[in-house]
Amino acid sequence: VRVPAGHVRHRNSGVHSAQGGSGRVTVRLIGPTHVLIRSESLGDIHLIVLVRREMIWIIRDVQSSTVACGAGGVMRNKGAVGIVLTIFGTSILFITAHLRAHASKVKERNFDAIRIANTLDFSRYNTKQETATEKEEINVDCTDKIDCAFWFGDLNYRVMCERDVAEKSIRNGILEPLILSDQLLDQLREKTAFKGFTEAPIRFPPTFKFDPGTSDYDTSNKQKSSKLD
């Protein structure tokens, strides 16, 4: 997937740069035991990487990149932020994303996930390749160039079982009917997105959506039930 260069932003500076506002607040809250390595934002999507202070000397090649996936591939309300670094020769990538909403938009979420992986640009890790015949860059899955990658965020995949089945399962602490109806797990099994990724065992009920100020799942007409994070 090709994206105009102006729609992709990346930084190549070192460990001691990028003291973003939200990052500074986080460091103050955590205290002196941790150091901010990089803080990066795309609209309301934020990613902050901190390490224990004694580890700062072994961190190398910190880079960040962003991809917008909103309307026209330009709006920054949807998209992703990625931060990559190397520790003792092992490259580690963190991606946080906000994908399209609504239960019916599975294909669109998959498309955006693939686009994000193909567009995040980390030049020190050779995430772009030149064609054999022309000096032209082609997009490749950036996660293929990284030793260890973590992908998280507001991915918006839904739990698609009936509402009464979901509520009964949650009350009884039986999550299997929900897990079998999880859109994201379906996509992982079918390998339609998030190639090479696996999810840890799910041992918690859906985290979205609650009536404001309560522990009651959404009683509005939308009645959403989903594990987003």
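Points worth noting:
- Residue count for the range 114-134, restricted to those that are surrounded by fewer than 17 Cβ atoms within 10 Å (Cβ to Cβ), of a type in the set (S, T, N, Q) and at pLDDT 70 or above: 2
- Note on the range 70-104: residues that are surrounded by 19 or more Cβ atoms within 10 Å (Cβ to Cβ) and among the small types (Gly, Ala, Ser) amount to 4.
- Any hit, the range 46-69, residues being modelled with pLDDT under 75 and either part of a loop (DSSP other than H, G, I, E, B) or surrounded by 14 or more Cβ atoms within 10 Å (Cβ to Cβ) (or both): no
- Residue count for the range 31-45, restricted to those that are open to solvent by 10 Å² or more (accessible area, probe 1.4 Å) and of a type in the set (A, V, I, L, M, F, W, C): 2.
- For the range 179-202, the set of residues classified as among the aliphatic types (A, V, I, L, M) and more than 19 Å from residue 101 (Cβ to Cβ) consists of 179, 180, 188, 200, 202, listed by residue number.
Okay, residues lined up against (1) closer than 27 Å to residue 69 by Cβ; (2) over 26 Å from the mean Cα position of the chain (by Cα):
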{"position": "151", "(1), (2)": "yes, no"}
{"position": "160", "(1), (2)": "yes, no"}
{"position": "165", "(1), (2)": "no, yes"}
{"position": "168", "(1), (2)": "no, yes"}
{"position": "175", "(1), (2)": "no, no"}
{"position": "185", "(1), (2)": "yes, no"}
{"position": "188", "(1), (2)": "yes, no"}
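- Filtered residues of the range 187-203 (kept if open to solvent by 40 Å² or more (accessible area, probe 1.4 Å) and in contact (Cβ under 8 Å) with a residue 12 or more places away in the chain): 192, 195, 196, 197, 199, 203
The values are calculated or read from the model by the stated rules, or taken from the named source; none is laboratory data. All of these numbers come straight from a predicted model, not from anything done at the bench. A quick note on method: Cβ atoms are made from the backbone with ideal geometry, for glycine too, and the neighbour counts reach across all protein chains shown. Keep in mind that these areas ignore ligands, DNA and RNA; they rest on the heavy atoms of the full protein, side chains included. Shrake-Rupley method; radii C 1.70, N 1.55, O 1.52, S 1.80 Å.
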